[in-house]
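The values are calculated or read from the model by the stated rules, or taken from the named source; none is laboratory data. What you see is a predicted model; the values in this text were computed from it and never measured. Using ideal geometry, Cβ is built from the backbone for each residue, glycine included, and neighbour counts are taken over all protein chains shown. These area figures cover heavy atoms from the full protein model, side chains too; ligands, DNA and RNA do not enter into them. Shrake-Rupley method; radii C 1.70, N 1.55, O 1.52, S 1.80 Å.
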Amino acid sequence: MPADMSPSSLSLEARRPASPPLPGTPVETINTMVHYYRGELGRMAGWRDRIDRTTNWAITVVAALLSVSLSTPTSHHGVLLFAMLLVTLLLLIEARRYRFFDVYRARVRQLERFYFAEILNPRGQLALDWAAPIAKSLRKPDFLISYRDAACRRLRRNYCWMYLILLLAWALKISSSTMQIQAGQGKDIALAFEHVVANAALGPVPGSVVLVCVALFYAAIAYGSLRVNMTDSELAHGEVHV
């Protein structure tokens, strides 16, 4: 016995719990897989709920600010521009949440595609390395998609339609004299282009600058909505995905 170790320290080492043993039988392995699948499914569902919550916030913001802007002729068109900024903020938040969701979804789908599907309907010999991506992700969790790709996916799925509704409402607001009337004036048809540019002004910012900024912003929205690679990762396996 080493000189620096007393009998009390030896007894403490003996009482220290060892690492849990690995499954030693097929039954133990199956039980482990079932409980692990439930855990990953719960984490995936939790992040999916956070994604849906952010989308609901965005829809609420769009509906509320549309009501404020279009309910009265005197309301400023800047309310709709502010709505675009809020929706963009929520899109960025949702893209971050989607990256976490995508990690857990990939693990769940790996189990379903290569393990449970083969149990239900075997189509050949089970690949020996099918669980290697899951083990690698557990040892060193990494995001599977970039922040930009996550934002583009959510933009294509939901947010492009919100932006389109806001754009139509904003165009109606600055181009229709019905939206710009003052008390005692008649309701005329759409304004001339120079009046549209004048109505698009935002404080000290000229209307032409605002129109150019909105056009560039929506060009980026259109590009992001169309650049999603549908053959990437889970998007290549079936049509049921987010």
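F82 to L41: FRET efficiency via 1/(1 + (r/R0)^6), r the Cβ-Cβ distance, R0 35 Å, to the nearest 0.05?
On the way: r = 39 Å, r/R0 = 1.11.
So the FRET efficiency works out to roughly 0.35.
Between A220 and S75, what is 0.36 nm times their sequence separation minus the Cα-Cα distance? Round to one decimal in nm. Show your work: numbers first, answer last.
Working: separation 145, 0.36 × 145 = 52.20 nm, distance 2.75 nm.
Working it through step by step, the gained length comes to 49.4 nm.
Want the number for I119 to A198: 0.36 nm per residue separation, take away the alpha-carbon distance, what's left?
Working: separation 79, 0.36 × 79 = 28.44 nm, distance 6.72 nm.
Full-extension gain reported as 21.7 nm.
Under a Cβ-Cβ cut-off of 14 Å, what is the net charge of the residues other than A117 that fall near it, where Lys and Arg count +1 and Asp and Glu count -1? Intermediate values should be presented prior to the final figure.
Details: positive: R109, R113, R123; negative: E112, E118.
Local net charge: +1.
Need the full-extension length gain, R156 to T29, defined as separation in residues times 0.36 nm minus the C-alpha distance. One decimal, nm. Intermediate values should be presented prior to the final figure.
On the way: separation 127, 0.36 × 127 = 45.72 nm, distance 4.04 nm.
Full-extension gain reported as 41.7 nm.
Please work out the FRET efficiency for the pair A171 and R96, using the Cβ-Cβ distance as r and a Förster radius of 25 Å; give the result to the nearest 0.05. Could you put the intermediate results ahead of the total?
Numbers: r = 31 Å, r/R0 = 1.24.
E between A171 and R96, to the nearest 0.05, is 0.20.
Kindly sort H76, H35 by accessible area of their heavy atoms, largest first, with the probe set to 1.4 Å.
H35, H76
Give me the net charge of R157's neighbourhood, meaning all other residues with Cβ under 12 Å from the Cβ of R157; Lys, Arg count +1, Asp, Glu -1.
Once positives and negatives cancel, what remains is +1.
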